[in-house]
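Before any comments, here is the structure.
Any read-out appearing in this document is the output of simple, stated calculations on the displayed coordinates, not a laboratory observation. What you are looking at is a predicted structure, and each value in this text was computed from that prediction instead of being measured. With ideal geometry, Cβ positions are generated from the backbone for all residues, glycine too; neighbour counts draw on all protein chains shown.
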Amino acid sequence: MNKFILSKKLYRNELATFYSFLIGFLIAIIVGSIILLIQSKNPFDVFSLMLKLSIGSVNSLSNSLNKAIPLILAGLGIAIINSVKLWNIGAEGQIFFGAIALNFVYINTSIENSYLYIFLLLASGFIGGSVCILLPALSKVLFGVNEIITTLLTNYIVFGLTIYLINGVWKDPNSLNFPAAAYVSESVYLPTVFGKLSSGFLICILFTLIAYYIKDKSVFGYEMRIAGGSALTAIYAGISAKQKAFIAMLIGGGFAGLAGAIELLSQTHRVSTGISQGFGYTAIIVAAITGMRPLGIFLVGSLFGALAIGGSVIQTIGVSSYISEIIQATTLFGALIAQFFFSYEIKRVEDD
Amino acid sequence: MKNPILEAKGISKSFGNIKALDDVDFFLEKGIIHGLLGENGAGKSSLMNILSGIYLPEKGTLTINGKLIKRLNPDLASSYGIGMVHQEFRLIDSFSIKDNLTLSKSNIYQNDFNEAFSKYSDIFALNLNSMTPVSELSVGEKQKVEIMKLIFNNSSIMLLDEPTAVLTPQETVQLKVSLETLSQEDEKTIVLITHKLKEIKDFTETIYVMKNGKMVAKDLDTKTVSDTQLIELMMGEVKTSKFDKNNFKGETKLEAVDISFTNEQNIKTLQNVSLEIKSGEVLGVAGVSGNGQVELANIICGIIKDFEGRVIVKTKDVTGKGVKSRKKLNLSYIPENRLGVGLAPGVSVLDNSAIKEYFQASFGPHLSKNVLLNSLNDLINKFSIKAPDVKAEISTLSGGNMQKLLMGRELISNPDVIIAAQPTRGLDVSAVDSIHNLIIDQRDKGSAILLISEDLDELFKLSDRLIVMYEGKVVIEIETELATVENIGLAMAGINE
């Protein structure tokens, strides 16, 4: 009789995360194909159409990249928070709160110079995201409350607040009873850079580099790694693990809040339930697949943006857009399994 | 060897590109206490892990009771009666002694537990109720329960990895008696893994010696083999060093005044402790673990802030200030707990090498990886650390190399004050020697050194003055040359003449 045992590998391939992603993506494509075949669709036709309509032209490519912006920014925020081994499940709420904070500032201020105004509004979005995670962050460092639960619950609170605002005080009288706040003025729309690509994507590139710098090149990133590695070592080193956790959470929440602000200024132009279509949750997938690496988040986020666009366009040939969500989820699933096999080996043991 | 109960032949095992075991033979005879001697990283623990089925060897054969075993696993090993006590305890703290002893499915005293427990409590001189939670036990008592667990799990071959590392001298003598009883009355086959010569000579009947993954001597008769012979086998060379105590002592660099501390469990762990160390002086702190030494070190180093009394480093009063205030005054702390306090598990070798002075590699918010890498390379060269991949997790280093990294990191800045807690615990003779030399070297460079240790040889060898701590108080303060092992030992046991 044979038995199998698991043993952890001492050394792990540096590119393991990347290979895991490729394996996961391949599995996802296979699973997606099987589902399409069951529906008697030719997977090759569907996928080539998806490819063509998501990256085949300047317009479709810019649509895909626009879609990637909130995934990347929220994913980066999650990765920064994970440096201290904490999980932010609240990016979705922080995205909404970023948009709400932006709208609040927009309603109560007025600045002539539109660039300055846009800057102020984006900053409000960032700060809004930080404010949104303030309660979970405080309860974590003061009382040790599990941040997974509190950040998740904040999502429901913020979503309720959004519904309240767009049906109540902020409801646009000209929206023909559609629950949404009034549009912001065209002067504060984020300009496009080429095709339909929003300048928000440039901000996204900038913040990817900032997140990379914070995590890998800064003193703060180093202190977060030590604090995340061992609380006792942090105390010994004179590093306040709580302070690092608190600041990391505020920065990470801010990244997601900025995503909401960019989404408002470049896509929806008003506060509505359409500010996020689950970006904050998909961002967790993006961050987890890449092992919390900022540059990886940028690439995988871009791919997932394309997948989302591809998924929405194939509806025109009678294929559900859920196929792209299945691919995203299966990629994570496959990648996590692959990461497991890069970290552990299964050994066969003979029993006699 | 007449009739071995276990034979391991030609065992080889590598980790990454490090060969941990190279063609190793090992034989065990029933009812005998065997000694396995070797430096840290010589391969002793790896060999034991193979015998208990935790690792699979790449080459070699294992024969137990004359039966060839192809692939041993922990389950199978325990069914053949092989049990191991690891250096780190494997007890469940919140469970009672009884629950811990009867937890395993291979436990044989389910029905007549009380009878067996009282029998073995006598053998181990363990005076405890079996319903006591393990968390309330002292380290020495936990060790006894660990060994009893093997007996309760019907182990006939008992592998004990450095069992005396955590024991007081009295407990060590007691352990010797217990093990002799087990081998003679119960015919238990025992392997004592250690790097302490004295114990291997005291405890065992036959000795095996490992060096660099090879078995360099097999089945030596303990009665006839000499100390020098064993040291030569283990080290390849003999080192005996005595440090002169004519060192120049300068101005006071560390002062602790009237320190008292009550911990979270409301136990007064320190009572009116005062001490003073001059530049170029080593003050040894003797005492059994848990008599306030860790708290004292943590107070001096700024980790514990809510204490009574004052701490003065280089004439600056740092009472109430944190770790960083001490770092600025160039105080180094080598904590007792290496992995978990001194080093952060799961974090790279490189990151761990910078914990003391990472801010020196910083330019504003920027942390220069090149500066960190250069400092690490200095450490690796100066302290001959074996680190195959500096970006890999710290746990890829052997225990000895971890301690070298930690010591090197704390000493390379030529600190004014050094607090060293159990700096050589669990290390091999040559590593101990080099760490002793490092400490004396620092003393001669003018550091004020507080050396907390349970190893009396070490304290006598290095210290200018000794204090003994018992139940949070300093019970003796004495010049080392006036001290005797007897009066220090008595003070450690809390006996006042």
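Using a ≥ b ≥ c from the Cα gyration tensor of the range A:123-272 (square roots of the eigenvalues), is it rounded, prolate or oblate, where a/c under 1.5 gives rounded and otherwise the larger of a/b and b/c decides, a/b for prolate?
oblate
For the range B:99-131 and the range A:115-150, what is the separation of their Cα centres, given in Å?
55
Given charges of +1 on the Cβ of Lys and Arg and -1 on the Cβ of Asp and Glu, with all other atoms neutral, how large is the dipole of the range B:252-492 about its Cα centre, in debye to the nearest 20?
The dipole magnitude comes to about 1040 debye.
So if we plug the beta-carbon distance of B:THR252 and B:ASP202 into 1/(1 + (r/R0)^6) with R0 = 60 Å, what FRET efficiency do we get, rounded to 0.05?
Working from the Cβ atoms, E equals 0.90.
Considering amide H positions built from the backbone, and no H for Pro or chain starts, which residues 5 or more places from B:ILE334, or on another chain, come under 5 Å of its amide H?
Those qualifying (amide H under 5 Å, at least 5 residues apart or on another chain) are B:ILE419, B:ALA420, B:ALA421.
What's the magnitude of the charge dipole for chain B around its Cα centre, counting Lys and Arg as +1 and Asp and Glu as -1 at the beta-carbon? Answer in Debye, nearest 20.
Computed charge dipole of chain B: roughly 1580 debye.
Output wanted: per-residue J couplings in Hz (rounded whole) for the range B:104-113, from phi through Karplus 6.51 cos²θ - 1.76 cosθ + 1.60, θ = phi - 60°, x for Gly and Pro.
Per residue, the Karplus-derived 3J(HN,Hα) values read 6, 5, 8, 5, 10, 10, 4, 8, 9, 4 Hz.
What is the range B:4-235's relative contact order, in percent, from Cα pairs under 8 angstrom and six or more apart in sequence?
29
Going through the cross-link list A:LYS244/B:LYS278; B:LYS13/B:LYS356; B:LYS176/B:LYS245; A:LYS85/B:LYS144; B:LYS119/B:LYS176, which pairs have a Cα-Cα distance over 28 Å in this structure?
Table pairs above 28 Å Cα-Cα are A:LYS244/B:LYS278; B:LYS13/B:LYS356; B:LYS176/B:LYS245; A:LYS85/B:LYS144.
Would you mind ranking A:SER320, B:SER130 by Cβ crowding within 10 Å, fewest neighbours first?
A:SER320, B:SER130
Place a +1 charge on the Cβ of each Lys and Arg in chain A and a -1 charge on the Cβ of each Asp and Glu, then give the dipole magnitude about the Cα centre in debye, rounded to the nearest 20.
460
When only alpha-carbon atoms are used, what values of Rg and Dmax, in angstrom, describe the range A:57-318?
In Å, with Rg to one decimal and Dmax whole: 18.2, 62.
Between B:ASP441 and A:PHE4, how high is the FRET efficiency from 1/(1 + (r/R0)^6) when r is the Cβ-Cβ distance and R₀ = 60 Å? Nearest 0.05.
Calculated transfer efficiency: 0.70.
Could you give the nm distance between label points at B:LYS59 and A:PHE104, where each point is 7 Å from its Cα heading toward the beta carbon?
So the label points at B:LYS59 and A:PHE104 sit 7.1 nm apart.
Kirkwood hydrodynamic radius of the protein assembly as shown from all distinct Cα pairs, in Å?
Averaging 1/r across every pair of different Cα atoms and inverting gives 30.9 Å.
Straight-line reach from B:LYS249: which aspartates and glutamates fall under 19 Å, measuring Cα to Cα and dropping same-chain residues less than 8 apart?
Reachable aspartates and glutamates: B:GLU276, B:GLU281, B:ASP416, B:ASP441, B:ASP444, B:ASP464, B:GLU477, B:GLU479, B:GLU481.
Classify the range A:214-352 as rounded, prolate or oblate, taking a ≥ b ≥ c as the square roots of the eigenvalues of its Cα gyration tensor: rounded when a/c is under 1.5, otherwise prolate if a/b is larger than b/c and oblate if not.
oblate
Spin-label point model (7 Å from Cα, Cβ direction): what's the A:PHE178 to A:GLU345 distance in nm?
5.9
Each residue of the range A:202-214 in order: what ³J(HN,Hα) in whole Hz does its phi give by Karplus 6.51 cos²θ - 1.76 cosθ + 1.60, θ = phi - 60°, with x for Gly and Pro?
Per residue, the Karplus-derived 3J(HN,Hα) values read 5, 4, 4, 4, 4, 6, 4, 5, 4, 5, 4, 5, 4 Hz.
Please compute the Cα-Cα pair-distance distribution of the range B:252-492 with 10 Å bins starting at 0, giving whole percents from short to long.
With 10 Å bins starting at 0, P(r) equals 8, 32, 36, 20, 5, 0.
With the dipole of the range A:57-318 worked out from charges on the C-beta (+1 for Lys and Arg, -1 for Asp and Glu) around the Cα centre, which of A:THR192, A:ASN66, A:THR282 lies farthest toward the positive end?
So the residue furthest toward the plus end is A:THR282.
Using alpha carbons only, how many angstrom separate the centre of the range B:48-95 from the centre of the range A:307-345?
The range B:48-95 and the range A:307-345 have Cα centres spaced 43 Å from each other.
With label points built 7 Å along Cα→Cβ from the Cα atoms of A:PHE194 and B:LEU103, find their separation and express it in nm.
6.3
Determine which aspartates and glutamates satisfy two conditions relative to B:LYS149: a Cα distance under 16 Å, and not lying fewer than 8 residues away in the same chain.
Here the aspartates and glutamates satisfying the reach criterion relative to B:LYS149 are B:ASP75, B:GLU88, B:ASP93, B:ASP99, B:ASP112, B:GLU115, B:ASP122, B:GLU141, B:ASP161, B:ASP186.
What number, in nm² with one decimal, is the all-direction average of the projected area of the convex hull of the alpha-carbon atoms of chain B?
Hull-based average projected area comes out at 24.4 nm².
Take B:LEU296, B:LEU62 and order them by how many other Cβ atoms sit within 10 Å, fewest up front.
Exposure proxy ranking, most exposed first: B:LEU62, B:LEU296.
Hey, got a sec? Which trypsin sites (Lys or Arg not before Pro) in the range B:23-114 land in a DSSP loop and have at most 16 other Cβ atoms within 10 Å?
Answer by residue number: B:LYS30, B:LYS70, B:ARG90, B:LYS105.
Subtract the Cα-Cα distance of B:ASP389 and B:LYS30 from 0.36 nm times their separation in residues, and report this length gain in nm to one decimal.
125.0 nm
Hey, fewest Cβ within 10 Å first, where do A:TRP87, A:TRP170 land in order?
A:TRP87, A:TRP170
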